[in-house]
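The values are calculated or read from the model by the stated rules, or taken from the named source; none is laboratory data. If you're wondering where the values come from, they're calculated on a predicted model, not measured in any experiment. Here the Cβ positions follow ideal geometry from the backbone for every residue, glycine too, while neighbour counts run over all protein chains shown. Each accessible area value is taken on the protein alone, full model and side chains, heavy atoms only, with ligands, DNA and RNA left out. Shrake-Rupley method; radii C 1.70, N 1.55, O 1.52, S 1.80 Å.
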Amino acid sequence: MKLNLNEKLDFNDIDLTAPDIVVNEILAELPAETNGIIAGKINAYDGPVFSYKKTGLSGLAAALGTADKEVDIQSDLGEIGEETHKFECFLYTPEYEKYQYRMFFLQYHVSNYPATVILEDSVARSVFGTNGGYIHKCNTRQELETLIVNVLTSKRVLAVMQELIRVNQAKKTAAQSGATASEDEE
């Protein structure tokens, strides 16, 4: 054989569990760890997960054909049929589900890894400091698990969890006050 690819490619089986399932498994531990007060969800997401520029009038002129348009044949080569999976991950308290804290977006393609985690800025600073950036690629399940655990145990997310505990307590107190008031009216 001239190609000799067996020495150049890795055929070992590795854990390629979908990143959203990995995150969901970690989030499932939250209620037990927080006396049922805090939960997390990872949901499919349809919007943009990266920052982008909106096109202004110059883009409109280009769309109308009043500006020269360059066509790069390279855009037609390479990956075809690529699937992109996007998710949002947030914390909430079941007592008051309207209040949610979105911690990050997650994006991956058909091969599952690498997975890209786009952290909320204050969470990124809490986990990585000011120079760490907010976009992180996880090449394996282990890297993803480590990042998610670091996010959930960061000072910023712990502060959010504490706030959710207070929201939960306030809602329970309000519900009990309402029940007591209606009992007094009888």
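List of remarks:
- Residue in region 91-105 that is modelled with pLDDT of 95 or more, among the acidic types (Asp, Glu) and closer than 26 Å to Ala28 by Cβ present: no
- Qualifying positions in region 80-112 - assigned to a strand (DSSP E or B), open to solvent by 70 Å² or more (accessible area, probe 1.4 Å) and either in contact with a Cys (Cβ under 6 Å, 6 or more places away or on another chain) or of a type in the set (Val, Ile, Thr) (or both): Thr84
- Verdict on Ile14 being in a loop (DSSP other than H, G, I, E, B) and open to solvent by 100 Å² or more (accessible area, probe 1.4 Å): yes
- Yes/no for Thr34 being of a type in the set (Ser, Thr, Tyr) and modelled with pLDDT under 95: no
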